[in-house]
Amino acid sequence: MDELNEEHPSRRFSQQELIDELALCLQRMREVIGAEFSASLEGLSGVSRLRFSLMELRIYNIRHIQHHAGQLSALLRRAGVETP
């Protein structure tokens with residue numbers, strides 16, 4: 001764990017790099033969700049510690065992302081950055 005505690009980002013990413021990465025994530029999301037069907041969504045998520053269906057896991061992940069987005073927004077506001 002010591003080596004992880006000392007790890008720092010190797011560089012800052014440009015706005016364009018972040019936009020490009022987001023586009024790749026959106027493309028991958030569309031591919032994965034587009035390949036799902038009701039039977040697969042009703043099946044187990046595949047995460048042993050979370051006894052959810054795959055659909056419940058999708059919703060759980062959205063809520064988790066919203067939590068971190070809220071944390072980031074609060075951090076930016078404390079730093080004086082306006083967020084919509």
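The values are calculated or read from the model by the stated rules, or taken from the named source; none is laboratory data. A quick note: this is a predicted structure, and the numbers were derived from the prediction, not measured. Glycine gets a Cβ as well: all are built from the backbone with ideal geometry, and neighbour counts include every protein chain shown. Note: areas computed on protein heavy atoms with side chains; ligands, DNA, RNA excluded. Shrake-Rupley method; radii C 1.70, N 1.55, O 1.52, S 1.80 Å.
In a helix (DSSP H, G or I), at pLDDT 85 or above and loosely packed, with under 10 Cβ neighbours inside 10 Å: does that describe GLU31? Yes, satisfied.
Which residues, taken from segment 37-51, are on the phi > 0 side of the Ramachandran plot and open to solvent by 100 Å² or more (accessible area, probe 1.4 Å)? Passing the criteria: none in range. Counting only residues that are part of a loop (DSSP other than H, G, I, E, B) and either touching a residue at least 40 places away in the same chain (Cβ under 8 Å) or exposed (fewer than 10 other Cβ atoms within 10 Å of the Cβ) (or both), segment 52-80 holds 2 of them.
Residue check: PHE13 meets all listed conditions (1) hydrophobic (A, V, I, L, M, F, W, C); (2) modelled with pLDDT under 85; (3) open to solvent by 100 Å² or more (accessible area, probe 1.4 Å); (4) not in a loop (DSSP other than H, G, I, E, B) but one, namely (4).
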